[in-house]
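Note sheet for the following structure.
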Amino acid sequence: MSDDDYIYDEATGEWRPASEVKQAAAAAAAPVVRDAAGNVLADGDSVVLVKDLKVKGANQTLKQGTVIRSIRLTENVEEIDCRHDTIKGLVLRTEFVRKR
């Protein structure tokens with residue numbers, strides 16, 4: 001396809017440039033990950049825990065207000081990968097974190 005190609009968009013009933021349709025499809029396919037307050041999260045963000053969490057297998061509790069830096073998004077929009085100083089390979093649910 002070249003930039004001169006147009007595609008008929010059935011949703012709007014208009015002819016749109018092919019490049020615009022591709023961008024819209026790519027944006028729609030990307031999942032949006034939100035924290036407990038509804039803020040959008042991205043890779044590399046820092047988050048704060050909103051409640052105390054008992055960590056299974058580590059016999060440790062992460063306290064409310066603990067800062068977790070440099071998160072990574074997963075395929076599941078309800079979970080994020082992160083690392084804490086004492087716990088490696090930590091996966092947190094987004095309902096327990098707030099963007100810092």
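The values are calculated or read from the model by the stated rules, or taken from the named source; none is laboratory data. Everything numeric in this text was worked out from a predicted model, so none of it was measured. Using ideal geometry, Cβ is built from the backbone for each residue, glycine included, and neighbour counts are taken over all protein chains shown.
Tell me, which strands (runs of 3 or more DSSP E) lie completely within segment 1-87 with 2 or more residues that are closer than 22 Å to Lys99 by Cα? Steps first, please.
Working: elements: 6-9, 14-17, 47-49, 53-55, 60-62, 79-82.
Of the strands (runs of 3 or more DSSP E) lying wholly inside segment 1-87, those with at least 2 residues that are closer than 22 Å to Lys99 by Cα span 47-49, 53-55, 60-62, 79-82.
Counting the residues of segment 72-98 that are within 20 Å of Thr61 (Cα to Cα) and at pLDDT 90 or above gives 13. When the residues of segment 58-76 are narrowed to those that are in contact with a strand residue (DSSP E or B) (Cβ under 8 Å, 6 or more places away or on another chain) and within 16 Å of Ala36 (Cα to Cα), which ends up surrounded by the most Cβ atoms within 10 Å (Cβ to Cβ)? Filtering segment 58-76 for residues that are in contact with a strand residue (DSSP E or B) (Cβ under 8 Å, 6 or more places away or on another chain) and within 16 Å of Ala36 (Cα to Cα), the one surrounded by the most Cβ atoms within 10 Å (Cβ to Cβ) comes out as Ile71.
The residues of segment 26-57 that are touching a residue at least 60 places away in the same chain (Cβ under 8 Å) and either exposed (fewer than 11 other Cβ atoms within 10 Å of the Cβ) or over 16 Å from the mean Cα position of the chain (by Cα) (or both) amount to a single one, Ala37. Residues being within 30 Å of Asp5 (Cα to Cα) and in contact with an Asp or Glu (Cβ under 6 Å, 6 or more places away or on another chain): count how many of those fall in segment 20-47. The qualifying residues number 0.
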